[in-house]
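First, the structure itself, so that you have it in front of you.
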C-alpha cells in the first residue's frame, strides 16, 4: 500500500512541472555523485566540459567554444589558459584568420579525459548493477530522451 507521500509524489510526476522538478533534483544529485569520482587535483566542471568539447570539436576557436559552452568569451579565455598551463590543450594559429587561434587537446588532455570517464563509468556501472533488470531497461529507453533534452 502506498503512503500518502508516495501517492503525492506519483501524482506530482504526472504533471510536466512535477516531472521537471523531479528530474532536476535527481540529475543534479547524480551529477554531484559523478563529480566526486574525479581524480585528485582534477579539473573544475567548466574546465572538464571545455576540454571534452575541444576534444570533440578539434581545431575550435575560443569564441566558438564559448558559444558552444554558453560562457562569456573572457571566462572561456581563462578556462583555456588554465588548460594550456596544465599542458592539456595547445593553441595554434588559425589556418585562415591570423587574428585568431584554434585549440586542440594534447595527448595528456586526452589521457586525462579517458581516465576521468573510466572512473565515472566504473562507478555508474556499479550503481546500475544494484538496479533490477526492469529498472535498467527503463533507463536504456530514457537515455536517448535525456540526450535529446540536453541538446534542445
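Since every read-out is calculated from the coordinates, none of them should be taken as a lab result. Keep in mind that this is a model prediction, so the values were computed, not measured. Cβ atoms come from the backbone with ideal geometry, glycine included; neighbour counts cover every protein chain shown.
Could you sort the peptides 127-134, 114-121 by per-residue average Cβ neighbour count (10 Å cutoff), highest mean leading?
In decreasing order of mean packing, 127-134, 114-121 become 114-121, 127-134.
Cβ neighbours within 10 Å, averaged per peptide: list 46-54, 31-39, 86-94, 136-144 in order, most packed at the top.
46-54, 86-94, 31-39, 136-144
Let me ask something additional. Tell me what the chain gives for mean residue ellipticity at 222 nm when only DSSP H runs of n ≥ 4 count, each as -39,500 (n - 2.57), the sum divided by the residue total, rounded to 500 deg cm²/dmol. Intermediate results must be reported in sequence, preceding the final value.
Details: 7 runs with 104 residues, N = 152.
Rounded to the nearest 500, it is -22500 deg cm²/dmol.
Still on this structure, I have one more. If I compute Cα Rg over 2.2 N^0.38 Å from the structure I just sent, which labelled value in (i) 1.01; (ii) 1.20; (iii) 1.32 lines up?
Calculated Cα Rg over 2.2 N^0.38 Å: the matching label is (iii).
Can you give me the relative contact order of the chain as a percent, contacts being Cα pairs under 8 Å and 6 or more apart? Don't jump to the answer; show the numbers that get you there.
Numbers: 107 pairs, mean separation 31.4, N = 152.
Relative contact order here is 21 percent.
Please give the helix 4-13 orientation as an angle from the longest Cα principal axis of the chain, in degrees from 0 to 90, rounded to the nearest 10.
With both axes taken from Cα atoms, the answer is about 50 degrees.
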